[in-house]
Amino acid sequence: MKICRSELPFMTLRTMHFVVGLFWIIGLALVGSQQVLAASSSESDNSPAPDGLFSASPEQPQPSTQPVLGLAVAGESVVGVGLRGLIVKSADQGETWRQIPSPVSTDLVAVHFGSAMNGWAVGHDSVLLQTKDGGESWTINLDGRRLKKLLTDYYDSAETLDEFERENMLAEIDFATTTSADPDVIPTPFLNVNINANGEGFVLGAFGMLLHTDDNGESWVPWIERTDNERRMHLYGISSNASDVYISGEQGLLMKLDKSQNRFVEVNLPYPGTIFGVSVHNQLILAYGLRGNLFASRDQGESWQQIDSGQKGSLVDAVRLDESHSLLVSQRGELVRLNENTLKTEKVNIGLAGNVFSSVLFQPGDVLIFAQFGGAKAFGINKVQ
């Protein structure tokens with residue numbers, strides 16, 4: 001089905017206020033952030049483009065207590081990202097944190113390292129930051145201005161599309177900026193990134209945004225139309241192993257990369273609600289999301305088994321504890337240990353309080369670290385084994 005100009009599903013700023021990332025919105029409201037979504041200025045004014053694209057993150061006197069939304073292991077350190085461009089780094093298993101200079105003050109929501117040195121952080125205003133020194137310094141790889149030019153240039157001459165398809169994509173791009181504070185900025189937030197040690201991977205976000213690189217971000221190719229996501233559902237989770245890449249999103253959307261077509265094809269999941277994340281390890285795929293819903297497949301998504309997580313809160317992350325167990329993390333801070341052999345779950349209580357947005361296992365010290373609005377909190381893995 002092709003998209004007609006009168007039926008454009010793309011990203012208006014008004015719509016974004018209500019539907020971009022359930023758990024991001026709840027958390028941002030709690031701390032009274034002034035940047036609750038990309039270009040979140042008033043719907044009625046014509047103020048300039050968001051300052052976050054043009055100003056560095058403010059220095060925090062107590063960086064360890066600042067809201068953290070995303071975490072990743074970078075060699076022997078852990079890097080966290082959060083509100084107003086916050087980047088923090090710990091070299092002692094999450095006990096102490098120091099702030100790292102960030103070139104933007106827009107909110108950052110996720111971070112990923114493909115190797116000890118090469119990392120990426122994504123956030124609002126279509127911001128993609130890159131580090132090549134283990135998180136000690138960061139540069140802007142993409143933002144809302146560069147994204148608009150990238151998309152316009154690509155779809156103006158895309159050889160893989162016919163004229164009608166190119167016109168539709170260009171119309172979507174124009175529509176995306178009609179209510180933006182700056183018509184040269186696409187305010188769509190990036191919500192996740194996964195780029196491997198060879199420099200190949202994807203950045204994804206709201207309203208079906210998807211970009212691919214095979215040269216460590218030196219160039220990007222839009223893949224928006226190379227997905228079974230014609231309704232432009234938000235894309236939240238991405239996970240890969242040696243052979244497969246999976247992406248999860250709204251309304252039960254789960255897709256797998258078909259390398260023969262260079263396209264993400266839909267995987268039938270028996271659940272219509274949002275899937276915040278997907279975890280792939282060996283032959284086991286876990287898909288998790290709203291209201292504690294958890295599903296497992298051992299046959300590349302051909303069939304699924306629903307798992308009773310025992311949780312009512314949304315599951316927002318999954319951490320592998322060892323070769324036989326994973327830890328599912330709910331937004332409420334509730335933890336569930338999954339036996340991957342039996343697919344049985346067990347509730348774990350480590351005294352974690354408050355909302356959780358992501359987590360990471362730092363294996364050299366066997367420490368679990370959780371991203372929260374009061375900063376990142378560390379716990380010994382022995383408490384969940």
Checklist entry - Quick one: which of Ser239, Ser243 is modelled with pLDDT of 95 or more, under 16 Å from Ala197 (Cα atoms) and among the small types (Gly, Ala, Ser)? => result Ser239
Next on the checklist: Among the residues that make up the stretch 235-256, is at least one of them β-branched (Val, Ile, Thr) and under 21 Å from Ser314 (Cα atoms)?
Outcome noted: yes
Next on the checklist: Would you confirm, using the coordinates I've provided, whether Ala181 is modelled with pLDDT under 95 and over 23 Å from Leu253 (Cα atoms)?
Outcome noted: yes
Checklist entry - What strands (runs of 3 or more DSSP E) lie completely within the stretch 243-347 and have 2 or more residues being in contact with a helix residue (DSSP H, G or I) (Cβ under 9 Å, 6 or more places away or on another chain)? => result 275-281, 315-322, 325-330
Checklist outcome for this item: Looking across the stretch 42-89 at residues that are surrounded by fewer than 19 Cβ atoms within 10 Å (Cβ to Cβ) and at pLDDT below 50, the single one that is farthest from Thr139 (Cα to Cα) is Ser44
Checklist entry - Tally time: how many residues in the stretch 167-184 are assigned to a loop (DSSP other than H, G, I, E, B) and not hydroxyl-bearing (Ser, Thr, Tyr)? => result 4
Next on the checklist: Please go through (1) in a loop (DSSP other than H, G, I, E, B); (2) farther than 30 Å from Gly380 by Cβ; (3) in contact with a helix residue (DSSP H, G or I) (Cβ under 6 Å, 6 or more places away or on another chain) for Tyr155 and return the number of the only condition it doesn't satisfy.
Outcome noted: (1)
Checklist entry - Which of (1) touching a residue at least 40 places away in the same chain (Cβ under 8 Å); (2) more than 26 Å from Leu290 (Cβ to Cβ); (3) of a type in the set (Ser, Thr, Tyr) does Thr177 not meet, given it meets every other one? => result (1)
Item to check | From Ala158, Ala242, residue being surrounded by 15 or more Cβ atoms within 10 Å (Cβ to Cβ) and either in contact with a strand residue (DSSP E or B) (Cβ under 8 Å, 6 or more places away or on another chain) or of a type outside the set (S, T, N, Q) (or both) | outcome: Ala158
Checklist entry - Restricted to the stretch 371-383, and to residues that are assigned to a strand (DSSP E or B) and touching a residue at least 60 places away in the same chain (Cβ under 8 Å), which residue is farthest from Gly70 (Cα to Cα)? => result Ala378
Next on the checklist: Within the stretch 181-240, take every residue that is of a type in the set (Lys, Arg) and more than 18 Å from the chain's Cα centre (by Cα) and give me the one that is nearest to Lys259 (Cα to Cα).
Outcome noted: Arg226
Checklist outcome for this item: Apart from one, (1) of a type in the set (S, T, N, Q); (2) modelled with pLDDT under 95; (3) under 28 Å from Phe190 (Cβ atoms) all hold for Asn349; the odd one out is (3)
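The values are calculated or read from the model by the stated rules, or taken from the named source; none is laboratory data. Nothing here was measured: the structure is a model prediction, and the numbers come from that model. Cβ sites come from the backbone with ideal geometry, for glycine too, and all protein chains shown count toward neighbours.
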